[in-house]
Amino acid sequence: MDSEDDMHDANDSADDDFYSGGEAGLAASDDGDADYDFADHDSDDSPELLSHRQQQNYCILSEAGIKQRQEDDINRVSTVLSISKSEACALLRSYNWSVSKVHDEWFVDEERVRKVVGFPEKRIEMPNDRELACGICFENCPHASMSAAACGHPFCSVCWRGYISTAINDGPGCLMLRCPDPSCVAAVGQDMINSLANEEDKEKYGRYLRRSYIEDNRKTKWCPAPGCEYAVEFVVGSGSYDVNCNCSYGFCWNCTEEAHRPVDCATVSKWILKNSAESENMNWILANSKPCPKCKRPIEKNQGCMHITCTPPCKFEFCWLCLGSWSEHGERTGGFYACNRYEAARQEGAYDESERRREMAKNSLERYTHYYERWAANQSSRQKALGDLQSLQNDKLEKLSDIQSQPESQLKFIIEAWLQIVECRRVLKWTYAYGYYLPEHEHAKRQFFEYLQGEAESGLERLHQCAEKELQIYLEAESPSKDFNDFRTKLAGLTSVTRNYFENLVRALETGLNDVGPSTSQSTGIKNTTSKSLGGKSKTGKNRASAAGSKSGSSSRGVDDSNIWTCDQCTYVNPRSAKACQACDHQHR
């Protein structure tokens, strides 16, 4: 429906900040303790104002709004081209509701356009006889009960009604309805539908017409949330593709998946496919099971001795270590808990290839699990934060206003903090998908990414704890608290600081971490880029960065990057000698 070129061109101009708000920063003292400085922050802005800041490049349309815009476009074309509204509606449908395209085509070659749409230049009237023969039922009917499209072919009202009803019940194809005469291509306009169809069919036809206005128009889309009836009109080329519908669902205009900035649509598509694909099942099977030597069925061993019996109907008995028949084992081969044959063969290198494949599968699975668990945990935290925000808006804010003797308008800094938490949880969630696909060999970029991610996550945890735990103290108070203004100062400051951290993180990821220097100068690159991006030092950030680096590094232990390649389709880690992916058979390029 939408041009991919337009979408990519629009992405090139996306240089504006991901968040709106004040530029209050984090002033760090020499010993690393943070002080909050927010001389002129926007913490008292209403959610409506925050929403307006993020919706400048799109407009949410209700059913009434869709109908009004559709009527406006029809009236505009009807006025400019001096044609009926029914003809204007048919023209717009034929040209995907583009007013400018209708005007261009019409003034270039009106005759051709009329022929394509099915409206003759001059309307042909029915014969002025007292009775006319219906072209469907072949009955002679009074002239008053006969109707015809612009072509003049007469049909009785009963046959027209049945023809129109059948077409409408068949689906949206009724919008391009033609004259019942097999040799005629004249269009049946909306005016005839309104005059001949029953109320149920007219209502259904109107719904198809509104759906066509949204689905055929490259500037509009339906909100993909289940049960949502809002549509979105988007200004292509205006920056971010993130859209927040009035139903509270956020999605990406380009791919209609959940809003995922700063991660690009291609990465999101790969991540969602990986989460639902069978590649990780194959990795798990390779890492945690061995095939039965007889029937090749995978078997998992989680406890017990080395004597394995395959399930019926196979029932083959074998040694778990060397996969040889158990009839050839006994006390001389090491008993039930060891295998001398396996140890001897292993020293000779007989099991090197299978062990290496199993180790690669295990490392690949561990790495995926590391990122997926954190991706899912942030998704869960975001859903809980959304629930807490709704609860706060419904009753807790009013309760806090009564306890602290302050109007609700003075407590909107709390709502803003929770809105920031919800948004930051979404961004943080998708940074783990970004980190999973960040190439392992780009060590400097990976270290810089983990530093920024650690700084942002640390700031978010401080904000979340303050908004959740410390706020509860004031909700449970019996009288106004003297230090409530201090709490206001702290929460507003944390909100501003967290916003800045995430702005830095989003900016860095959208530019592909280009601030990082060559991989050979990791320490210098990280020091310079972090000071430039964050504008200060943070003891917490340093600790988190080193922790994240060591944690991520442990997931790829024991694997030599020069001897493996990762499948572009399922991301399974394969040995260098393999020509095709061992999990999905995708050819290696």
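A full extension of the chain between Ser62 and Trp222 corresponds to an added length of 56.6 nm, given 0.36 nm per residue minus the alpha carbon distance. A simple rule links phi to the HN-Hα coupling: the Karplus curve 6.51 cos²θ - 1.76 cosθ + 1.60 with θ = phi - 60°, which for the stretch 460-475 gives 5, 5, 5, 5, 5, 5, 5, 6, 9, 7, 5, 5, 4, 4, 6, 6 Hz, with x for Gly and Pro. Residues whose amide H comes within less than 5 Å of that of Ile564, counting only those at least five positions distant or on another chain, are Arg576 (H built at 1.01 Å from N in the peptide plane).
Annotation for Ser327 and Ser183: the two label points, set 7 Å from Cα along the Cα-Cβ direction, are 8.7 nm apart. Evaluating 6.51 cos²θ - 1.76 cosθ + 1.60 at θ = phi - 60° for every residue in the stretch 249-257, the Karplus couplings come out as 8, x, 9, 8, 5, 6, 10, 6, 7 Hz, glycine and proline recorded as x. Computed extension gain for Ala133 through Arg210, at 0.36 nm per residue and net of the alpha carbon distance, reaches 24.1 nm. Under 20 Å Cα-Cα from Lys482, which lysines qualify once same-chain neighbours fewer than 8 residues away are excluded? Filter leaves Lys396, Lys399, Lys412, Lys469, Lys490.
If you wrap the Cα atoms of the stretch 63-151 in a convex hull and average its projected area over all directions, you get 7.7 nm². Using the Karplus relation 6.51 cos²θ - 1.76 cosθ + 1.60 with θ = phi - 60°, the per-residue 3J(HN,Hα) values for the stretch 211-228 come to 4, 4, 4, 7, 6, 8, 8, 5, 9, 10, 8, 7, 5, x, 5, x, x, 7 Hz, with x marking Gly and Pro.
Around the amide H of Asp242, modelled in the peptide plane, lie the amide H atoms of Trp253, all under 5 Å away and 5 or more residues distant in sequence or on another chain.
Taking the inverse of the mean reciprocal distance over all distinct Cα pairs, the Kirkwood hydrodynamic radius of the stretch 165-233 comes to 13.5 Å. The accessible area of Cys137, taken with all protein chains in place and a 1.4 Å probe, comes to roughly 50 Å². Please give the FRET efficiency for Glu398 paired with Gln465, using the beta carbon to beta carbon distance and R0 = 22 Å, rounded to the nearest 0.05. Given R0 = 22 Å and the Cβ-Cβ separation, E is 0.40. When Lys296, Lys579, Lys219 are compared by accessible area of protein heavy atoms, the largest-first order is Lys579, Lys296, Lys219, using a 1.4 Å probe.
Partner lysines whose Cα lies under 29 Å from the Cα of Lys115, excluding those fewer than 8 positions away in the same chain, are identified as Lys67, Lys85, Lys101, Lys202, Lys204, Lys219. Note on Lys274: lysines with a C-alpha under 24 Å away, same-chain residues under 8 apart excluded, are Lys290, Lys362, Lys429, Lys445, Lys551, Lys579.
The values are calculated or read from the model by the stated rules, or taken from the named source; none is laboratory data. Please read these numbers as outputs of a predicted model, since none were measured by experiment. Using ideal geometry, Cβ is built from the backbone for each residue, glycine included, and neighbour counts are taken over all protein chains shown. Surface accessibility is based on the protein's heavy atoms, side chains included, excluding ligands, DNA and RNA. Shrake-Rupley method; radii C 1.70, N 1.55, O 1.52, S 1.80 Å.
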